[in-house]
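Only one structure is covered here, and it is reproduced in the block below.
None of the figures in this text is laboratory data; all of them are computed from the coordinates on show. In this text the structure is predicted, and so the values were computed from the model without any measurement. Cβ atoms come from the backbone with ideal geometry, glycine included; neighbour counts cover every protein chain shown.
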Ligand SMILES: Cc1cc2nc3c(=O)[nH]c(=O)nc-3n(C[C@H](O)[C@H](O)[C@H](O)COP(=O)(O)OP(=O)(O)OC[C@H]3O[C@@H](n4cnc5c(N)ncnc54)[C@H](O)[C@@H]3O)c2cc1C
């Protein structure tokens, strides 16, 4: 039910459109009342439709061009949100940079790692600490606006079928020396399948694979299932795959329909990034591996036997 709270959502355009995270934040924010989006990027009719279609009631659009966006975005946002109750940020680099700068400009605290926000009887942020073993609630008693940085996938994006909201253009403010920093190159990592964040099936490999070249079977199984490949930090640290594969506390948070953990022990720091998966399947040769405590389906076996057999079975079906 709407509480009449004025909420702003910080949104950075990604690959020409609002990110899934932005649509998730708007879907949450509209349960409080009106939602103003501060949108940083080139913008397009498609973007405005997506924002309105998820419940945005107003959009303030800053196109930074090639200027590094955080400095001017924070400058403009801080001036706009003085009457807001809550400002929500995602966990992206620019989001966190802007949240910190706005906090410094307004003299407000930032509460980060939010898994939920409630506004009835005061603004409160719910999060987890100690690797997800302890839930805590932080009541924000500081003067508004409350600045909150949320965890990825904390909320679900749900369209409302709403119409395109009014768009107000925000000129590039003079943020002093911060305006002098430019983006000189953008790099989009090549991928022939869904991204880790979007995949409904994720096959993740851990140190139990034994060697970098064995990761190829993780890629192949993920490909055959139409999913994405992920990994533990141990595998990233060993240089077998890039950091973009890492799931966990210091990597990505994922919530696929199916998560297949191959040769992964189930360390707390890995689990916090994938425990929201609908079905977890673990393959590990150690029957006492902690991952089995979380798994819906466990296979005690050697990944070098089990994964190739799964690959063969899937190939035989296609
Ligand atoms: C501050 C901090 C942040 C961290 N952040 C992250 C993070 O974001 N993500 C993350 O993943 N980790 C993170 N870690 C590291 C984490 O603590 C673990 O070290 C890591 O997750 C272990 O990775 P692993 O399961 O691949 O390796 P291991 O713990 O070594 O487990 C390997 C598993 O493979 C099994 N195995 C071995 N051989 C086979 C075989 N042939 N067939 C089947 N199973 C086999 C073993 O029984 C074992 O259970 C972090 C740690 C710290 C301190």
> How many nm is it between the label spots at residue 118 and residue 216, if each spot is 7 Å from the Cα in line with the beta carbon?
Replying inline: 5.3 nm
>> Taking the 0 to 90 degree range and rounding to the nearest ten, how far is the long axis of helix 215-224 tilted relative to the main principal axis of the chain, both from C-alpha atoms?
In response: 70 degrees
> Mind listing P(r) for segment 66-157? All alpha-carbon pairs, 10 Å bins, whole percents.
Replying inline: 16, 48, 30, 6, 0
>> When a/c reaches 1.5 or more, the comparison of a/b and b/c decides; with that in mind, is segment 7-180 rounded, prolate or oblate per its Cα gyration tensor?
In response: oblate
>> Applying a 10 Å radius around every beta-carbon, put 16-22, 60-66 in order of their mean neighbour count, most first.
In response: 16-22, 60-66
>> Students often check this: by mean Cβ neighbours within 10 Å, which of 185-192, 311-318, 125-132 ranks highest, and how do the rest follow?
In response: 125-132, 311-318, 185-192
> Over all Cα pairs of the chain, how is the pair count split among 20 Å bins, expressed in % and running from 0 up to the last occupied bin?
Replying inline: 30, 52, 18, 0
> For the residues 106, 297, 172, what sequence is obtained by ranking on other C-beta atoms within 10 Å, fewest first?
Replying inline: 297, 172, 106
> Extent of segment 259-298 along each principal axis, from alpha carbon coordinates, in Å, largest to smallest?
Replying inline: 23, 19, 15
>> Given the DSSP H assignment, sum -39500 (n - 2.57) over each helix run of at least 4 residues in the chain and divide by its residue total; what's the result at 222 nm in deg cm²/dmol, nearest 500?
In response: -7500 deg cm²/dmol
> Once the piece of chain linking residue 316 and residue 191 is laid out straight, how much longer is it, given 0.36 nm per residue of separation minus the C-alpha distance between them?
Replying inline: 42.5 nm
> For the chain, modelled as a Gaussian network with Cα springs under 10 Å, which listed residue fluctuates most, 273, 176, 55?
Replying inline: 176
>> Suppose we look only past 24 Å in the calculated P(r) of segment 201-317. What percent of the Cα-Cα pairs does that tail hold?
In response: 14 percent
> How far is the Cα center of segment 117-144 from the Cα center of segment 1-45, in Å?
Replying inline: 21 Å
> Percent relative contact order of the chain, based on C-alpha pairs within less than 8 angstrom and at least six residues apart?
Replying inline: 14 percent
> Between segment 252-318 and segment 54-82, what is the C-alpha centre distance in whole Å?
Replying inline: 41 Å
